[in-house]
Structure formats: C-alpha cells, structure tokens
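Notes to accompany the following structure.
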Amino acid sequence: MQRGSMPIFIQAGLWGLLSASGLLIGAILASSLARHLGHRTVAAVMGFGGGVLIAVVSVELMTEAYRLSGLLPTVGGVLSGGAAFSLINWRLAAAGAKNRKRCGECVHQPSEAEHKGSGAAIAVGALMDGVPEALVIGLSLLGGGQIGLGVVAGFFLANVPQGLSSASGMKLAGRSRRYIFTVWIGIPVVIGLAALLGSLLLGAAPAALMPAILAFAAGAVLAMLAETMIPEAFENAQPFIGLITVVGFLAAFLLIQHAG
C-alpha cells in the first residue's frame, strides 16, 4: 500500500527516525552543556517531557484505541502493555539499567566497574523505552493514518529530555563519549527500522487487532514514563515542577489538535 510515490513502510521508518532523533539532540546538548546544567534544570526539562507524553497517551493514543475498539480491548491492551514493560524493566534493573534516565547528580548511574554488564543493560533499556514509540509510528500510516503529525512531534519533544538526562548520567558515570554517541546514534536508527518493520508486519494483521495494539503501546509508554522519567523529574525538583509538566502537556495537546 502506498501514499504518493513512497511506500508506506518507508514513510513509517523515516517518521520513526525523525521522532527518535530527539534522543541524539538531547545527548549532544548533554555533551556540550552538562557542566552548566544542574539536576534541577534537567529535572525541569524532564518534567516538560513527561507532560508531553501524558498528552500523547491520553489525548491521542487512548482516545483512538477506545473509539475504534471500545472498553474491554482498550483496557486489556493498556494493562498488557504496562505489565510487559514493567516486567522487562524489572529484569533490566537487576542488570544495572534501573537509573538509565537519571542525570547522575542526585542518583547516579552505575559505572561498568560498579556493575559489570550495566553498560549493555543501559543500552538495551534505552532501546526498549523506544519500542512502544516505534510501534505507534508503525501503526500511524496504516488504515488511513489515524495518528497525526502531532504525535510524532510529541514523541520528538519527549525524547530530547530523555537523551539529555540519560547522556548526562552516562558521562558522570565515566562512560566514554564513544559509548554515549554509539548508543544515541544507534537507537534512533533501530527505532526507525522497528517502525518500518512494524508497518510491514502490522499491515498484514487483522484490522480489528490494531486498536488493541495501539492500547498496548499506550500502556507501555505510560509505564515507561512512570518508571524512568518521573523519578528524575520529581526528585529534589525545583518549585513549580508540576506547572512545568502542565506546560508540556499543553504544548503536546495543542500540537495534536492543530497538527492532527
């Protein structure tokens, strides 16, 4: 199936790469500004990104899943997605990836010397955090393109603080620039490929299954937000972090409404 001259799966891959490129931008900012950014600044940016993801999940993903499939498939999909993420994250935390989104000032990421294998676990965890995003992007251009550009923009905005905070923590944990940029260049590429493959594979799936998959992705995104972003945003946070989160929610809400 094609829209215009470019195959749908190629479009999905490019949109996935674009949305995930926010991670690399955040890592570049961390590399150049980490000496000037304290935890409170990083927490504020992370709070903004958390608000963005809350809007994407509640305003677009959950609403669309419920509209298309009703209550039970939506509830089942969300709970399954949240449970799957939490279970995998629990296993990765034991391998040293628990604090992969921490900037390192108040809660540090483990170094390789402190926890052997943690570098690989952190990389896998960071990739896992982007899988629900790739799933949504893969679905976005199927069946008439129910998910609009506002969602892609929302994911991009939320990815910037994630890359910023995580790369800052990696740097303070003594990880090399080569490791940091290998992770944050490689993950957007893999997410783009996952969106491409997801679009190809899901294109052959029954249409009735799509809303449940969308709800599954929404649950996984929400669990990721609660377990990896909110702790950084709200620990020793500056005053008005709640308001900053509301501003992030409002920014994504307006993007979704007007970019559709």
Worksheet item: Counting only residues that are touching a Lys or Arg at 6+ places or on another chain (Cβ under 7 Å) and among the aliphatic types (A, V, I, L, M), which one in the range 204-252 is farthest from Ala123 (Cα to Cα)?
Response: Ala237
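Identify, please: which residue in the range 222-260 is among the charged types (D, E, K, R) and open to solvent by 20 Å² or more (accessible area, probe 1.4 Å) and is, among those, farthest from Ala158 (Cα to Cα)? Before the answer, list the steps.
Step one: filter the range 222-260 for residues among the charged types (D, E, K, R), giving 227, 232, 235.
Pick out the ones that are also open to solvent by 20 Å² or more (accessible area, probe 1.4 Å) and you get 227, 235.
Values: Glu227: 15, Glu235: 18 Å.
Among those residues, the one meeting the criterion is Glu235.
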Worksheet item: Could you list, in sequence order, the residues of the range 203-260 that are within 22 Å of Ser166 (Cβ to Cβ) and without any contact (Cβ under 8 Å) to a residue 40 or more places away in the chain?
Response: Ala226
Discussion item. Exactly one of these conditions fails for Thr182: (1) in contact with a helix residue (DSSP H, G or I) (Cβ under 7 Å, 6 or more places away or on another chain); (2) modelled with pLDDT of 90 or more; (3) open to solvent by 50 Å² or more (accessible area, probe 1.4 Å). Give me its number.
Written reply: (1)
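The values are calculated or read from the model by the stated rules, or taken from the named source; none is laboratory data. Since we're looking at a predicted model, the values are computed, not measured. Ideal geometry is used to build each Cβ from the backbone, glycine not excepted, and the neighbour counts take in all protein chains shown. Ligands, DNA and RNA are stripped out before the accessible areas are found, and what is left, the full protein with its side chains, is counted by its heavy atoms. Shrake-Rupley method; radii C 1.70, N 1.55, O 1.52, S 1.80 Å.
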